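Q: The structure follows.
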Amino acid sequence: MKTSCFHLYTLKETPADAEIISHQLMLRAGLIRRLASGLYTWLPLGLRILRKVEAIIRREMDNAGGLELLMPAVQPAELWQESGRWEQYGPELLRLTDRHQRDYCVGPTHEEVITDIFRCEIKSYKQLPINFYQIQTKFRDEIRPRFGVMRAREFLMKDAYSFHIDQDSLQQTYDHMFDTYSRIFDQFGLKYRPVNADSGSIGGSASNEFHVLADSGEDAIAFSDQSNYASNVEMAEAICTQTREAPQQSRELVETPGQHSISEIAEFLSVAVEKTLKTLIACGEKNQLIALVLRGDHDLNTIKAEKIPGIASPFQMADADEIKKQLGCDIGSLGPVELNIPIFVDRSAAAISDFVCGANQNDKHITGVNWGRDLPEPNIVDIRNVVEGDPSPDGKGILSIVRGIEVGHIFQLGDKYSSALNATVLDENGKSVITKMGCYGIGVSRVVAAAIEQNNDESGIIWPMSLAPFHLAICPINYHKSELVKQAADDFYQQCQQKGIEVLLDDRPLRPGAMFSDMELIGIPHRVVFSERGLKQSQCEYKGRCDDQSQDLAIDDLAEFIKQKLSG
RNA sequence: CGGGGUGUAGCGCAGCCUGGUAGCGCAACUGCUUUGGGAGCAGUGGGUCGGGGGUUCGAAUCCCUCCUCCCCGACCA
């Protein structure tokens, strides 16, 4: 490809509304353009990258025995009513009505459609297991689309659905897809981690997410330094190895005027934050309030808290006015002592003694408080986020925390959809049985953003070879003035094309600096420069995208040198 | 949805307070010079100042209203 025949449109300045680096670089490099909130056009350069991601996924899915098909983006309401999700899914489901007043939605996912296809097409256990997949546009009407294609409303996804006669077969395919996903992410050339995940409302026993590691990731991942345990922090069990010591202090009511936050209290009373308790008030079912007690230095995990019986779902903290009305003090002075609502106490909070907590009177706290003595033995639950240094739940090593971007997610669905939609096959006894299902997704467009988020520098994007829109940039200096340069560049360009190298010849009449900047911004991994000065000595110049310095090469060695570079 | 901010040329911004001919830089186009790290000079084109309504002789500017986009969403307990 020659730049003169391509649409290369880069921006020197960063658009003001792009917040994260991948969004900024995707706009500046001319990969995408925004059409409306959460809706993006993939320009020719961006599309080349998207297609690379697709191709890797498609190849590995095919190798793994997946069968590609393509389902409609628009789906009839009837199917969603049958599964119960027409009501459940909420406003994220974009609904529409056709001219006959029939209801449809734009698919945010395709469990209903694939299950319908299955029940029409597959009749016998002999046809199982089977794994269908597609690479297709999804639409989710996010409350707040942001970060460019990272959290867009319309996005490209690979979704696969497997069907099985029993759990063993499902487990086998699930494990196989786990391995396939690992191969796919290896080929992307990205640093990633598979982690245990919350299977959430979708149900089923097993669920793993695949995260591309990047500091800007929206998710936190906890992993052990001595085993392969890795889990989304949402899910990671917080282990408390500490045992409670016997009380030594006596309980005392102290004045803490104007001191509200844990850090203020700890400093004011000269105690460690680990010796304080914080009391959070959550909404229960039927307008009741429920207290959640944590150690002062720990954070509440709302996903865990939501699972406590009696807590309202979705999880919601109580309103400050409501708290004042029912409990008689402001939120900065709450504590579990003589608090007449249900109280749940985190494991670590239950393991401390002689602690400080609010007195349920404004500007008063209590010191030297002890479970069992000053208040009843606690009702112990796991409701906090794990922190760096916690013991690993598998008993091996301690946890570290890194940030990740969720780009893949695999689930065992069990029979949730197959039973709702009555997807059955005949077994070897001629009896009708409900099939088991698995589902396996990869956010194709999100992979592109995640790759940039992980691989960039002050000059722009740094593509791994497997995703690069072009592998090699040829930058001729004075292409339009020097016949020598033009000749050399054109010759080499043709050679590359004949060898099937994805090459971009920059034949724009630009000064070298502008040309180099553009090629670096769009992240081409390898660059060759032809100049009259060099050619007169039968030399040209090579620089890798991450090299500090360029190196001079004899023209005669160039072809072999590039061949080596591209195969490495 | 709630709160905050924002909207002026493709992009980045000034002008608004204190009403009086709509500006700057980049990008684009033309010409000349330049050609190893985002060139210089000269010139050109491009705007319903987010939409609507109002106040006024006169509105980008003041008032009302609708919209867009961005940010934040109790952990201060």
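Q: For region A:384-434, please list each of the strands (runs of 3 or more DSSP E) lying entirely inside it that holds at least 1 residues being in contact with a Phe, Trp or Tyr (Cβ under 7 Å, 6 or more places away or on another chain) and modelled with pLDDT under 95.
A: Numbers: elements: A:399-414, A:424-426, A:432-434.
Because the criterion is at least 1 residues that are in contact with a Phe, Trp or Tyr (Cβ under 7 Å, 6 or more places away or on another chain) and modelled with pLDDT under 95, the strands (runs of 3 or more DSSP E) in region A:384-434 that meet it are A:399-414.
Q: To continue, here is another question. Are there any strands (runs of 3 or more DSSP E) wholly within region A:202-290 with 1 or more residues that are open to solvent by 60 Å² or more (accessible area, probe 1.4 Å), in contact with a Ser or Thr (Cβ under 8 Å, 6 or more places away or on another chain) and under 28 Å from A:L339 (Cα atoms), and if so which?
A: It comes to A:252-255.
Q: Quick one: in region A:277-292, of everything that is under 30 Å from A:E245 (Cα atoms) and out of contact with any Lys or Arg (no Cβ under 7 Å at 6 or more places or on another chain), which residue is farthest from RNA strand B (Cβ to nearest atom)?
A: Initial filter on region A:277-292 (under 30 Å from A:E245 (Cα atoms)): A:277-282, A:290-292.
Next cut, out of contact with any Lys or Arg (no Cβ under 7 Å at 6 or more places or on another chain) only: A:278-282, A:290-292.
On the way: A:K278: 3, A:T279: 4, A:L280: 5, A:I281: 5, A:A282: 6, A:I290: 11, A:A291: 9, A:L292: 8 Å.
Selected residue: A:I290.
Q: Taking region A:360-390 as the region of interest, how many residues are crowded, with 22+ Cβ neighbours inside 10 Å and more than 26 Å from A:F223 (Cα to Cα)?
A: 3
Q: Would it be correct to say that A:I57 is in a helix (DSSP H, G or I) and either surrounded by 13 or more Cβ atoms within 10 Å (Cβ to Cβ) or in contact with a strand residue (DSSP E or B) (Cβ under 9 Å, 6 or more places away or on another chain) (or both)?
A: When the stated conditions are applied, A:I57 passes them.
Q: Do the conditions hold for A:L35, that is, is it modelled with pLDDT under 95 and in the same structural domain as A:E142 (by TED's automatic domain parsing)?
A: On the way: modelled with pLDDT under 95: yes; in the same structural domain as A:E142 (by TED's automatic domain parsing): yes.
Yes, satisfied.
Q: Can I ask one more? Which residues, counting only those in region A:136-178, are hydrophobic (A, V, I, L, M, F, W, C), open to solvent by 50 Å² or more (accessible area, probe 1.4 Å), more than 16 Å from RNA strand B (Cβ to nearest atom) and not in a helix (DSSP H, G or I)?
A: In the first step, residues of region A:136-178 are kept if they are hydrophobic (A, V, I, L, M, F, W, C); the result is A:139, A:143, A:147, A:149-150, A:152, A:155-157, A:160, A:163, A:165, A:170, A:177-178.
With open to solvent by 50 Å² or more (accessible area, probe 1.4 Å) added as a condition, the list becomes A:143, A:165, A:178.
With more than 16 Å from RNA strand B (Cβ to nearest atom) added as a condition, the list becomes A:165, A:178.
Matches in region A:136-178: A:I165 only.
Q: In addition: Within region A:63-112, restricting attention to residues that are open to solvent by 50 Å² or more (accessible area, probe 1.4 Å) and among the acidic types (D, E), which residue is nearest to the chain's Cα centre (by Cα)?
A: A:E92
Q: I need a count of the residues in region A:442-464 that are small (G, A, S) and either more than 30 Å from A:M177 (Cβ to Cβ) or surrounded by fewer than 23 Cβ atoms within 10 Å (Cβ to Cβ) (or both).
A: First, pick out the residues of region A:442-464 that are small (G, A, S): A:443, A:445, A:449-451, A:459-460.
If we keep only those that are either more than 30 Å from A:M177 (Cβ to Cβ) or surrounded by fewer than 23 Cβ atoms within 10 Å (Cβ to Cβ) (or both) too, we end up with A:459-460.
The total comes to 2.
Q: Which one is surrounded by the fewest Cβ atoms within 10 Å (Cβ to Cβ), of the residues in region A:10-43 that are within 6 Å of RNA strand B (Cβ to nearest atom) and under 17 Å from A:R446 (Cα atoms)? So that I can check it myself, show each step before the final result.
A: So the first thing to find is which residues in region A:10-43 are within 6 Å of RNA strand B (Cβ to nearest atom), and the list is A:10-13, A:15-17, A:19, A:36-37.
Okay, now just the ones that are also under 17 Å from A:R446 (Cα atoms), so A:19, A:37.
Details: A:E19: 13, A:S37: 11.
The selected residue is A:S37.
Q: Wholly within region A:500-568, which helices (runs of 4 or more DSSP H) include no fewer than the required count, namely at least 1 residues that are at pLDDT 95 or above and near RNA strand B (Cβ under 10 Å from one of its atoms)? First the steps, then the outcome.
A: Values: elements: A:512-521, A:532-535, A:555-567.
Fully inside region A:500-568 and qualifying: A:512-521, A:532-535.
Q: Here's another thing I want to ask about it. With within 10 Å of RNA strand B (Cβ to nearest atom), of a type in the set (A, V, I, L, M, F, W, C) and modelled with pLDDT of 95 or more as the only criterion, which of A:C475, A:C496 stands out? Step through it out loud before you land on a result.
A: On the way: A:C496 fails: within 10 Å of RNA strand B (Cβ to nearest atom).
Result of the check over A:C475, A:C496: A:C475.
Q: Filter region A:465-492 down to the residues that are part of a helix (DSSP H, G or I) and in contact (Cβ under 8 Å) with a residue 40 or more places away in the chain, then identify the one that is surrounded by the fewest Cβ atoms within 10 Å (Cβ to Cβ).
A: Kept after step one, since they are part of a helix (DSSP H, G or I), are these residues of region A:465-492: A:483-492.
From the residues that got through so far, the ones that are in contact (Cβ under 8 Å) with a residue 40 or more places away in the chain too are A:484-485, A:488-489, A:492.
Details: A:L484: 16, A:V485: 22, A:A488: 24, A:A489: 25, A:F492: 22.
Going through the qualifying residues, I end up with A:L484.
Q: A:I398: open to solvent by 50 Å² or more (accessible area, probe 1.4 Å) and over 29 Å from A:E237 (Cα atoms), yes or no? Spell out the reasoning first.
A: On the way: open to solvent by 50 Å² or more (accessible area, probe 1.4 Å): yes; over 29 Å from A:E237 (Cα atoms): no.
So A:I398 does not fit the description; no.
Q: Another question, if that's okay. Take A:I49 and decide whether it is buried (at least 18 other Cβ atoms within 10 Å of the Cβ) and either more than 16 Å from RNA strand B (Cβ to nearest atom) or of a type in the set (F, W, Y) (or both). Show your work before the answer.
A: On the way: buried (at least 18 other Cβ atoms within 10 Å of the Cβ): yes; either more than 16 Å from RNA strand B (Cβ to nearest atom) or of a type in the set (F, W, Y) (or both): yes.
When the stated conditions are applied, A:I49 passes them.
Q: May I pose another question? Within region A:120-135, track down each residue that is touching a residue at least 24 places away in the same chain (Cβ under 8 Å) and either within 16 Å of RNA strand B (Cβ to nearest atom) or surrounded by fewer than 17 Cβ atoms within 10 Å (Cβ to Cβ) (or both).
A: Going residue by residue through region A:120-135, those that are touching a residue at least 24 places away in the same chain (Cβ under 8 Å) are A:122-125, A:127-135.
Matches in region A:120-135: A:K123, A:S124, A:Q127.
Q: Is there a residue in region A:374-396 that is within 21 Å of A:S333 (Cα to Cα) and touching a Pro at 6+ places or on another chain (Cβ under 7 Å)?
A: yes
Q: For region A:180-193, does any single residue satisfy the condition of being in contact with a strand residue (DSSP E or B) (Cβ under 6 Å, 6 or more places away or on another chain), open to solvent by 60 Å² or more (accessible area, probe 1.4 Å) and away from RNA strand B (no atom under 16 Å from the Cβ)?
A: Looking for residues that are in contact with a strand residue (DSSP E or B) (Cβ under 6 Å, 6 or more places away or on another chain), open to solvent by 60 Å² or more (accessible area, probe 1.4 Å) and away from RNA strand B (no atom under 16 Å from the Cβ), one finds at least one in region A:180-193, hence yes.
Q: Taking the condition modelled with pLDDT of 80 or more and within 12 Å of RNA strand B (Cβ to nearest atom), does A:D321 pass?
A: Details: modelled with pLDDT of 80 or more: no; within 12 Å of RNA strand B (Cβ to nearest atom): yes.
No, not satisfied.
Q: Now, a different point. Would you mention how many residues in region A:302-318 are part of a loop (DSSP other than H, G, I, E, B), within 9 Å of RNA strand B (Cβ to nearest atom) and buried (at least 17 other Cβ atoms within 10 Å of the Cβ)? Show your work before the answer.
A: If we filter region A:302-318 for residues that are part of a loop (DSSP other than H, G, I, E, B), which is where we start, we get A:307-310, A:312-316, A:318.
Narrowing further to those that are within 9 Å of RNA strand B (Cβ to nearest atom): A:315-316, A:318.
Right, trim to buried (at least 17 other Cβ atoms within 10 Å of the Cβ) and you get A:315, A:318.
Here the count works out to 2.
Q: Regarding region A:325-343, can at least one residue be identified that is in a strand (DSSP E or B), touching a strand residue (DSSP E or B) at 6+ places or on another chain (Cβ under 9 Å) and within 26 Å of A:S231 (Cβ to Cβ)?
A: Of all residues in region A:325-343, those in a strand (DSSP E or B) come to A:343.
Within this subset, residues satisfying the condition of being touching a strand residue (DSSP E or B) at 6+ places or on another chain (Cβ under 9 Å) are A:343.
Right, trim to within 26 Å of A:S231 (Cβ to Cβ) and you get none.
Looking for residues that are in a strand (DSSP E or B), touching a strand residue (DSSP E or B) at 6+ places or on another chain (Cβ under 9 Å) and within 26 Å of A:S231 (Cβ to Cβ), one finds none in region A:325-343, hence no.
Q: Looking at A:V356, A:V386 in this structure, which one is touching a residue at least 60 places away in the same chain (Cβ under 8 Å), touching a helix residue (DSSP H, G or I) at 6+ places or on another chain (Cβ under 7 Å) and either within 16 Å of RNA strand B (Cβ to nearest atom) or among the basic types (K, R) (or both)? Give the derivation first.
A: Numbers: A:V386 fails: touching a helix residue (DSSP H, G or I) at 6+ places or on another chain (Cβ under 7 Å).
A:V356 is the lone residue from the list that is touching a residue at least 60 places away in the same chain (Cβ under 8 Å), touching a helix residue (DSSP H, G or I) at 6+ places or on another chain (Cβ under 7 Å) and either within 16 Å of RNA strand B (Cβ to nearest atom) or among the basic types (K, R) (or both).
The values are calculated or read from the model by the stated rules, or taken from the named source; none is laboratory data. Note that this is a predicted model, so its numbers are computed, not measured. We place every Cβ from the backbone using ideal geometry, glycine too, and count neighbours over all the protein chains shown. Note: accessible area is taken over every heavy atom of the protein model, side chains too, but ligands, DNA and RNA are not part of it. Shrake-Rupley method; radii C 1.70, N 1.55, O 1.52, S 1.80 Å.
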